[in-house]
Structure formats: C-alpha cells, structure tokens
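*Asks:* Questions regarding the structure given below will be posed in turn.
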Amino acid sequence: MAAPGIAMEINCQSNFKLNKTEKKFLRKQAKARHTLLRHEGIEAVSYGTQSLVVANGGLGNGVSRKQLLPVLERCGLVEALLMPPNKPYSFVRYGTVEESKNAYASLNGKEVVDGLGQKVILYLNFVEKAQWNEFEVQTLPPGLIVVEEIISSEDEKVLLEVINWTEDTDNQNFQKSLKHRRVKHFGYEFHYENNNVDKDKPLPEGLPAVCDSFLEKWLAEGYIKHKPDQLTVNQYEPGQGIPAHIDTHSAFEDEIVSLSLGSEVVMDFKHPDGVTVQVMLPRRSLLVMTGESRYLWTHGITPRKFDTVQASEHYKSGTITNDIGDLTLKKREIRTSFTFRKVRHTPCTCNYSLVCDSQRRETPPSFPGSDREASQLEQEHVHRVYEEIAEHFSSTRHTPWPRVVGFLKALPAGSVVADVGCGNGKYLGVNKELVMIGCDRSKNLVDICRRRRFQAFVCDALAVPVRGGSCDACISIAVIHHFATPERRVAALQEIVRLLRPGGKALIYVWAMEQEHNNQKSKYLRGKRISQGEKGEIRSSKSTDGFPEQTCDVSSQNAASSLTSIDDIQEEEPSSKKAPNSELPIHTNRTSFHSQDVLVPWHLKTKTSKDKPVGPLDSVGPHGPGPMLHRYYHVFREGELEATCQTLSDVSILQSYYDQGNWCVILQKV
C-alpha cells in the first residue's frame, strides 16, 4: 500500500490515483484522527514531529507495552512510550523527526497481534505533544494492608491440593458453581440470597486442618486479631470476577482476610463518594481489610482477561500508579482465593451507621411534601445539573436506542413528531421523512440541538407551548423519571397525551428498578466495557455514568474479556466530591437499585489549560477533574409505568416491554 506514508499530505486532486484499499485506509485514519480530537482533545498536525499518537495501539484494546514497543523500535530510537490506562491509543516520541516520519510511513495500517491473539490495525498521526487525563496519586483505603509472600510456594501447593473441586458436587452446603466462579464454604455456609450466614447451623467439619498453622502464625505476627471460623474458597478462571460488595456488617467481625493463590489480580475498591482505588494483589499475598476499608468501601474484581499493571519488575503490590510510562497489561491466570472471616454473634457497632445493617433504621427517605418542594428538588438535582453538564453529557450520547429508532422509522412520512426532553437531539435526525421538533428544560442542550440544525426550543415538560392535538406522535426518552412526585409524573404524561391528535402514538422510556430481568442483567449492570483500564467498560454510546437508556456498552475497569478499538474510546472518571445535604440515598453506578428515589452521580469533566511537563512528552489533560453532581431519579418498578399511564384519560396502552434497564410503553390517544 503506497498511500499511508503520505496520507495527510494527499490533496483532493490526486485522490483519483488511489485504489479502493488506499481510500479505505485514508477514511479509517481520518476517523481515528477525528475521534481522538472529539473525545480526548488530541489534535493531530499535518507536518512531521518527533511525537506520534498511535490509535488502536493502547492498553484499552489489549495491546501491551511488550507487544507494541518492539514494533515501534524497528523505526528508530524510542525515547518514550506513554500508554494511558484503559485508552485505545498510546504516544511515542522518537529521537529525531526523521525516525518519527519513518514510523509514520512504515507502521500506518500495520497489523499487530493483541494479547488475545487478535489482529488490530494501527493508525498513526503526528502530534505536537501528548495529551491525556491526569490521574491522582492514590493511596490504599484506610485500614487495608497487603502483605507479600505471606506463604511459600510449597505451602501454596499444599493449600491448592486441599481443595478438591471434584468432591461434594451434590452437597450444596459445601460447593457451589456460581455464574462467575466456583466457590466452596467451610465452617459456615455463606448464603448469597441474603449475604449472610446461618449462625445456628455450622458446617460439620469446620475449617481445613492445614489452615490452622497459617492462622496461628498470622495471629502471632499481628496481621489478624481474631482466629477465623468461616472460610470461603473462590476459584476464578481468566475473565471471571466478583461484583463489588461490602461483606455484611452483622455477619462477620471487623477483619476480612483474603489469601491469593495461583495468580495475581487487581482488586477494585470504591468509596461511596465515587473514588476508586485499584490494588494489586500479588500471588501468595495476604489482603487484610479492617475499619473503613472493610465497612465502608466496596471491593470487587472486574471480569476481564487482562489487568493494567506496572511494567517495572520491581513493582509488586499496592495501588496502580499514574506513571503512564510504566504501565502494561498482564494476562490473568487461574486464581484461587482463601477468604477467612470470624462470624459475628452480637450486633455490629461500627462507626459507619449509615451503611451498617445492624444500626440502619429501615425508614423511607423524606420525599417532597408539596409540589413546591418537588419543584425545588428538580431545580437543584435535575435542571441545574443538566445545564452544567450539557456539553459533557452530549459528548457521551451518540448512538440512538434501537427500539426508539424502530418506532420513529415505522411512522408514516410527513408525520409531525415531538421529542419531549430531547437532550442533545440525537433522535431528531433519525428519520428524515418526519417533521420533528424537540424541547428540553436545558438551554445548553437546546443550543447543541440548534448547532446541529435541529428544530428545538426551551420549555418545561409540564407545559409544552405547542397546540394540543397537533402531533402525530411523541417520544419521551428518559424524562418522566426526573419528576419527584407521582402527581408530577402523571402531569408530564398527560401533557404528552395533550399534544397528540386522536390516534396518535407516544413512546415512553423510564429507568427500571429491576436491572436484572428474566434472569438477565441489563447492560447497565453487565457494563460491557471491553478496554483494559480502570473505568474502561465500553458502551457503544460512550456514556460515562451508566445511563440505562443509553447503555449498549463503563464505566469506572473493563467488564468483558474481548477488547475495544479507537472507535469506542472512553473517558476517565475523575475524582468526586460529596453530594449536597440530602436525605435521598446516593446510588452507586453500575449496581442494582435499592431505593426507588435516588441521587445518581455524574462525574463532570471540565476543560483545563494547565500544561505540565512530564518526562520527554508534555502532558496536558484536556478534561481535568471536575465536581461530582447528583441527578434525581425515580426508578420505576415492574408494572408501575403501565399503572401510571392507565390513570390517564383517553389513552390505551398498545405495548409495554422491558428494554435493557428501562420500562417502556407505547400508548395511543383514543
């Protein structure tokens, strides 16, 4: 292929000389360049420099430092290779401009093999400087320690041989095959349906005798203060993990102790405020969680086949650093964990009463007592938030929801359609044969619609300034759940019905409380992020907050074993702040809902012009850490949306269905 080496220098007059393959390459390269600029703020230049951005050559799509560096070094002296975590690109700086040009000419369009043996195509562009989001230096959660080489390799072998996975397959008190791993219990069976143990029914044989010597030694050395009487053994195949969770306060004493055997792994710890810390657990290491890390932080293992780790051989345990010049991928192997606990026989009296099941009072949160209070809540946690996050929100909303597209494309040509709560207008241009108008409460979102040459205006969904009976159809996608009382939700639906002509149809989407339906998890929970960084779950819509209506794909490490490309580029989740005073619970993204009325965090990224030299390449974060904002949602239970629609006059429900974390209805005005 002759063209790639001078791809950016070809003018329109010479395009007729290119063959079909070369033209396809140029389109792909231009798309990669556009994607990096739009989503990451990485601006390519049309002249040769010492630095290149390598699209598809990143940790985020399964290409490790060990795989990429030799390829780059064939073209010259590599002064620096910077690989940001969970990004499907990297930066390389050569010793001279000529070497960089050589790489540009030789490697553009070159296939390399990723960690799973799959081929990816590299697209290179010149840059003046490398750009990526800054990462804060992280420390271990309070009360957490990692002790390396706590046992010998001989002891490890003995412990692994003790667990015979072929025995007790018919005795569910001992062994279970869960969806994500195999598990075996000793001392007491852990009941996953209520996250607790039956303290009156200990298992007959207690803990394996071989564990006694290790536990006595850890007691003597001060690593633990209580001798455990419960053991859960988990075996993880590569690609398997365990959902984020907190061991039930009332079930176990303070210490949770986990021994990692067979393979290292990265475990994710997350504070309720949204701060996430990745902790490396080396093979034969002991993890001890006490205090805040045990009672307040969730811990879990993201299901994936690779972990982002430090490339330095001397690095073993602790948090993954922010040195992107020293990150690579490590392929997981079969890992077995021995998690020891001491069963608690008295109520928990920890200092974290808000999350303690022994101390928490099961009283419903305080909801607005009047329409005025509801309006104020919506103003603070809906209107103000969307006005502030509009640009960032819009950058995460690209792909229309398929069944919404199907509804719009099934309408007759010339139909007048209103999109009530149109956001950035992504549905307004789906069917060019319709006459579509959009409205939204956010002026900044409406401005984005207008920049895209869509017809849109600002208004409240409770009072749309459109003549009644003038629309053939309406859509309301992820809007009704932002109203804070049943009366206001009914009023919003009634306003949509008012706009319809007799016979007109409306499609309504709201978030579902049931994120697991018909034995299937929604994509919101599955988090189909398939890059390899901390928060690189991939979504085809590139959402950053786990938005059920949009999620075809993270946020926070990646949840799938396959990997992503530059077309699915993700953004990092910055540090967060505490929410304003509110009695509403703050939902943890990518977990099941435990309350119908919640505040859902949005991690805002803000523009920054801060330049900070880091090593041989300049680092500047195009989107620096911004505040954490909280949006109010009322998530609907099964049947609730239908029941609400049935209170409307002159309406029949044509269809109701569940669509990936949303309850949906199609209604018709009669």
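The values are calculated or read from the model by the stated rules, or taken from the named source; none is laboratory data. Remember, predicted model here, so these are calculated numbers, not experimental data. As a convention, Cβ positions derive from the backbone with ideal geometry for all residues, glycine included, and neighbour counts pool all protein chains shown.
*Asks:* Out of region 401-423, which residues are in a loop (DSSP other than H, G, I, E, B) and out of contact with any strand residue (DSSP E or B) (no Cβ under 9 Å at 6 or more places or on another chain)? Show your work before the answer.
*Replies:* Within region 401-423, the subset in a loop (DSSP other than H, G, I, E, B) is 401, 410-415, 421-423.
Once the filter is applied, which keeps residues that are in a loop (DSSP other than H, G, I, E, B) and out of contact with any strand residue (DSSP E or B) (no Cβ under 9 Å at 6 or more places or on another chain), region 401-423 yields 410, 413.
*Asks:* Just need a number here: residues in region 387-399 that are surrounded by fewer than 18 Cβ atoms within 10 Å (Cβ to Cβ) and either touching a helix residue (DSSP H, G or I) at 6+ places or on another chain (Cβ under 6 Å) or closer than 18 Å to residue 431 by Cβ (or both).
*Replies:* Looking only at that region, the number is 3.
*Asks:* Let me ask another. Of all residues in region 237-251, how many are closer than 20 Å to residue 146 by Cα and not acidic (Asp, Glu)?
*Replies:* Initial filter on region 237-251 (closer than 20 Å to residue 146 by Cα): 241-242, 244-247.
Next cut, not acidic (Asp, Glu) only: 241-242, 244-246.
Matching residues across region 237-251 total 5.
*Asks:* Tell me which residues, restricted to region 215-257, are over 24 Å from residue 356 (Cβ atoms), in contact with a Phe, Trp or Tyr (Cβ under 8 Å, 6 or more places away or on another chain) and outside any strand (DSSP E or B).
*Replies:* Scanning region 215-257 gives a single hit, 215.
*Asks:* Of the residues that sit in region 325-339 and are over 19 Å from residue 305 (Cα atoms) and in contact with a helix residue (DSSP H, G or I) (Cβ under 9 Å, 6 or more places away or on another chain), which one is modelled with the lowest pLDDT?
*Replies:* Going through region 325-339, the residues over 19 Å from residue 305 (Cα atoms) turn out to be 325-326, 338-339.
Retained after the next criterion (residues that are in contact with a helix residue (DSSP H, G or I) (Cβ under 9 Å, 6 or more places away or on another chain)): 326, 338.
On the way: 326: 68, 338: 96.
Restricting to residues being over 19 Å from residue 305 (Cα atoms) and in contact with a helix residue (DSSP H, G or I) (Cβ under 9 Å, 6 or more places away or on another chain), the top hit is 326.
*Asks:* Since residue 16 meets every condition but one in (1) surrounded by fewer than 17 Cβ atoms within 10 Å (Cβ to Cβ); (2) aromatic (Phe, Trp, Tyr); (3) at pLDDT 85 or above, which condition does it not meet?
*Replies:* Of (1) surrounded by fewer than 17 Cβ atoms within 10 Å (Cβ to Cβ); (2) aromatic (Phe, Trp, Tyr); (3) at pLDDT 85 or above, only one is false for residue 16: (3).
*Asks:* Also: Which residue, of 92, 78, is within 23 Å of residue 41 (Cα to Cα) and out of contact with any Pro (no Cβ under 9 Å at 6 or more places or on another chain)? Outline the logic, then answer.
*Replies:* Working: 78 fails: within 23 Å of residue 41 (Cα to Cα).
It is 92.
*Asks:* Under the condition of being buried (at least 17 other Cβ atoms within 10 Å of the Cβ) and in a loop (DSSP other than H, G, I, E, B), which residue from region 164-187 is modelled with the lowest pLDDT?
*Replies:* 174
Residues are listed down the side, and each one gets a yes or a no for (1) outside any strand (DSSP E or B); (2) assigned by TED's automatic domain parsing to the domain that holds residue 446; (3) at pLDDT 90 or above:
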{"residue": "323", "(1), (2), (3)": "yes, no, no"}
{"residue": "341", "(1), (2), (3)": "no, no, yes"}
{"residue": "348", "(1), (2), (3)": "yes, no, yes"}
{"residue": "379", "(1), (2), (3)": "yes, yes, yes"}
{"residue": "399", "(1), (2), (3)": "yes, yes, no"}
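*Asks:* Given (1) at pLDDT below 85; (2) over 27 Å from residue 394 (Cα atoms), identify the lone condition not met by residue 63.
*Replies:* Failing condition for residue 63: (1).
*Asks:* Assuming residue 251 fulfils every condition listed in (1) surrounded by fewer than 19 Cβ atoms within 10 Å (Cβ to Cβ); (2) more than 25 Å from the chain's Cα centre (by Cα); (3) over 25 Å from residue 165 (Cα atoms); (4) of a type in the set (A, V, I, L, M) apart from one, which condition is it?
*Replies:* With (1) surrounded by fewer than 19 Cβ atoms within 10 Å (Cβ to Cβ); (2) more than 25 Å from the chain's Cα centre (by Cα); (3) over 25 Å from residue 165 (Cα atoms); (4) of a type in the set (A, V, I, L, M) applied to residue 251, the lone miss is (1).
*Asks:* I've got another one for you. Which condition number in (1) modelled with pLDDT under 90; (2) closer than 13 Å to residue 54 by Cα; (3) under 26 Å from the mean Cα position of the chain (by Cα) is the one that residue 86 fails?
*Replies:* So residue 86 meets the others, but not (2).
*Asks:* On the given criteria, is residue 596 modelled with pLDDT of 60 or more, assigned by TED's automatic domain parsing to the domain that holds residue 478 and closer than 30 Å to residue 486 by Cβ? Give the steps one after another, and end with the answer.
*Replies:* On the way: modelled with pLDDT of 60 or more: yes; assigned by TED's automatic domain parsing to the domain that holds residue 478: no; closer than 30 Å to residue 486 by Cβ: yes.
Taking the combined requirement at face value, the residue does not satisfy it.
*Asks:* Using beta carbons and a limit of 6 Å, which pairs, at least six apart or on different chains, have the first residue in region 103-122 and among the polar types (S, T, N, Q) and the second one modelled with pLDDT of 90 or more?
*Replies:* Listed by first residue and then by second, the contacts come to 106/75; 108/124.
*Asks:* Tell me, please, whether a residue that is assigned to a loop (DSSP other than H, G, I, E, B), closer than 23 Å to residue 256 by Cβ and at pLDDT 90 or above can be found in region 151-163.
*Replies:* Within region 151-163, one or more residues are assigned to a loop (DSSP other than H, G, I, E, B), closer than 23 Å to residue 256 by Cβ and at pLDDT 90 or above.
*Asks:* If you don't mind, there's one more thing I want to ask. Given the conditions (1) under 30 Å from residue 92 (Cα atoms); (2) of a type in the set (A, V, I, L, M); (3) at pLDDT 90 or above, report the number of the one that residue 665 does not fulfil.
*Replies:* (1)
*Asks:* Looking only at region 73-91, how many residues end up being crowded, with 24+ Cβ neighbours inside 10 Å and part of a loop (DSSP other than H, G, I, E, B)?
*Replies:* 6
*Asks:* Go through (1) on the phi > 0 side of the Ramachandran plot; (2) part of a strand (DSSP E or B) one by one and return the number of the condition residue 436 breaks.
*Replies:* Single failed check for residue 436: (1).
Okay, residues lined up against (1) charged (D, E, K, R); (2) under 30 Å from residue 38 (Cα atoms):
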position	(1), (2)
400	no, yes
403	yes, yes
442	no, yes
453	yes, yes
456	no, yes
468	no, no
